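Encoded as structure tokens, the structure appears first; notes follow it.
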Amino acid sequence: MSSTASPAAGANSRRWLALGLIAAAQFMVIMDTSIIGVALPEIQRDLGFAPQDLSWVFNAYVVAFGGLLLLGGRLSDLLGARRLFALGWLVLGVGSLVAGLADTVAVEIAGRAVQGAGSALIAPSALTLLFMTFGANPKELTKALALYGAAAPAGGTAGVFLGGVLTEYLSWPWVFFINLPIALAVLALTPGAMPAGTAQRGRIDLLGALTVTLGLAAVVFAVVRVPEEGWASPSTLVAGAIGIALLVAFVALQAGSSAPLMRLGIFKATNLAAANIAQLLLGAAWIPMFFFINLYLQQVLGLGAFASGAALLPMTVTIMLGMVAVAPRLTAAYGPKAMTVGGLVVLGAGLVWLSRIDADGSFAVDVLPATLVTAAGMALAFIPSLSTALGAAAPEEGGLAAGIVNTSYQVGSALGLAAMTVVAAAYGSDQVGDLAAMTDGFSAGFLGAAGIALAGAVVTGIGWKTVRTETAAESVPAGR
């Protein structure tokens, strides 16, 4: 009897290998935003960053990532998702090499921007490939989306861990070099694991791409500068005004174009707009929480970077288990609208609880139970809103839908973090050394984030249309 595996078994193993590569993409995109935190002091010392410019090691990545996501989504449709996925990893690898070898401030910032550009190509094409691979089976698609979603908090926590370990035992360039073997492995495995897909005929709306990329970049630039410059500073106002003007021009261009970068009619798809609003506000509430809890653990409770990462493991495990084992079943039973709204409410409640932190507090009392509640809320809301945002679009616009939802979450994250940083500073978070004042500031940031989550629940509940007996399977159109 032959022991050769059947073609069906081979195809099945390739699908799950593809999911592993797609999850690795999500893991890396998020990890690259968190891994540099511990390394920043050494980067500043070795490269000569001025204190006011050091944040651009982070911001250059965020600006390039947020500004290029829509273009990445459109290119995924035009060039083919697998081709763009591979290209994105190549660009990310080049950026990581440049950032790791940098010996000047300008080269370091340029390398981080190239990393962000690579991630902007990877993120939408990865989601398109996920739908291409699992879209024919709604049950498997829900499981695949859950694993994809769980890779994000794992990447965030792993970044804190790895940043501390690599910086302490090797040197800061290794927080960038670690991307290289992963990129090479993904590039080697992608051709045999990913579906080839088909490239579409069409031209790239270069003027539209330029206006939306510069517009989003200018808005994100304005937002990430707020904690340093203030909302009313000339640099913030000018950059924000330019960004808004460019985005208005982009909408006008798309309305009159025969081959737009983003077909405006896509937002007529049932619940696509509502699901994207949910993702935007989910990011705006979640990222400030993750940011402030790290600061509270390290600056108030006195934990080191590695210990802080360990302290966040229960939250990470809760999110991963919730997304993989709990959220899909509840979504199938109650529908994506109920789960998204309910998840945002639970997230808001957890943030209110977290706002009760104390300067003389402890991890077990002040942090652990509240973060487990916020993790449960994130797990419940993320997958149903993401699957609805992706599933509402026609198959030929999968890359565009993925670009839009990634943009929504990333822009929401940047806006929420900037706004809550200002709120927290107004209540004392910037008074380093005064533990009571810093705790009051972090508490205010948690309360503000709770307000965002609860507002998201209200807006989503009003705007989301219930379609028949809406379930997770029914939220994915046939043929996806």
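The values are calculated or read from the model by the stated rules, or taken from the named source; none is laboratory data. Only a predicted model underlies this, so the values are computations on that prediction, with no experimental measurement involved. When we count neighbours, we look across all protein chains shown, and the Cβ atoms used for this are built from the backbone with ideal geometry, even at glycine.
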* Within the bounds of segment 370-380, is there any residue that is among the polar types (S, T, N, Q), buried (at least 20 other Cβ atoms within 10 Å of the Cβ), under 22 Å from N406 (Cα atoms) and under 24 Å from the mean Cα position of the chain (by Cα)? -> yes
* Return yes when G116 is more than 24 Å from G192 (Cβ to Cβ), at pLDDT below 80 and under 19 Å from the mean Cα position of the chain (by Cα) and no when it is not. => no
* Asked: Among A245, A275, A259, which is within 23 Å of G463 (Cβ to Cβ), in contact (Cβ under 8 Å) with a residue 24 or more places away in the chain and either of a type outside the set (V, I, T) or in contact with a His (Cβ under 9 Å, 6 or more places away or on another chain) (or both)?
  -> A275
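In the set V220, V251, which member is under 16 Å from G66 (Cβ atoms) and modelled with pLDDT under 90? Working first, answer last.
Numbers: V251 fails: under 16 Å from G66 (Cβ atoms).
The conditions single out V220.
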* May I ask you to list pairs of residues, at least six apart or on different chains, whose Cβ atoms are under 8 Å apart, with the first in segment 120-139 being over 18 Å from T388 (Cβ atoms) and the second being basic (K, R) and part of a helix (DSSP H, G or I)? => S125/R82; L129/R82; T133/R15
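For segment 260-296, enumerate the residues that are polar (S, T, N, Q), in contact with a Phe, Trp or Tyr (Cβ under 7 Å, 6 or more places away or on another chain) and on the phi < 0 side of the Ramachandran plot.
Across segment 260-296, the qualifying residue is only Q279.
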* May I ask you to say which residue of G309, G335 is in contact with an Asp or Glu (Cβ under 6 Å, 6 or more places away or on another chain) and of a type outside the set (A, V, I, L, M)? => G335
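Go through segment 256-265 and give me each residue that's in contact with a helix residue (DSSP H, G or I) (Cβ under 6 Å, 6 or more places away or on another chain) and part of a helix (DSSP H, G or I). Full working, then the answer.
If we filter segment 256-265 for residues that are in contact with a helix residue (DSSP H, G or I) (Cβ under 6 Å, 6 or more places away or on another chain), which is where we start, we get 260-262, 264.
The answer is L264, and nothing else.
Within segment 28-146, considering only helices (runs of 4 or more DSSP H) that don't extend past its boundaries, which have at least 1 residues that are hydroxyl-bearing (S, T, Y)? Lay out the reasoning, then the answer.
On the way: elements: 40-47, 56-79, 81-101, 105-134.
In segment 28-146, 56-79, 81-101, 105-134 are the helices (runs of 4 or more DSSP H) which contain 1 or more residues that are hydroxyl-bearing (S, T, Y).
Taking the condition among the aliphatic types (A, V, I, L, M), surrounded by 24 or more Cβ atoms within 10 Å (Cβ to Cβ), modelled with pLDDT of 80 or more and within 19 Å of the chain's Cα centre (by Cα), does L145 pass?
When the stated conditions are applied, L145 does not pass them.
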* State which residue is modelled with the highest pLDDT when the search covers only segment 223-248 and only residues that are buried (at least 18 other Cβ atoms within 10 Å of the Cβ) and among the β-branched types (V, I, T). => T236
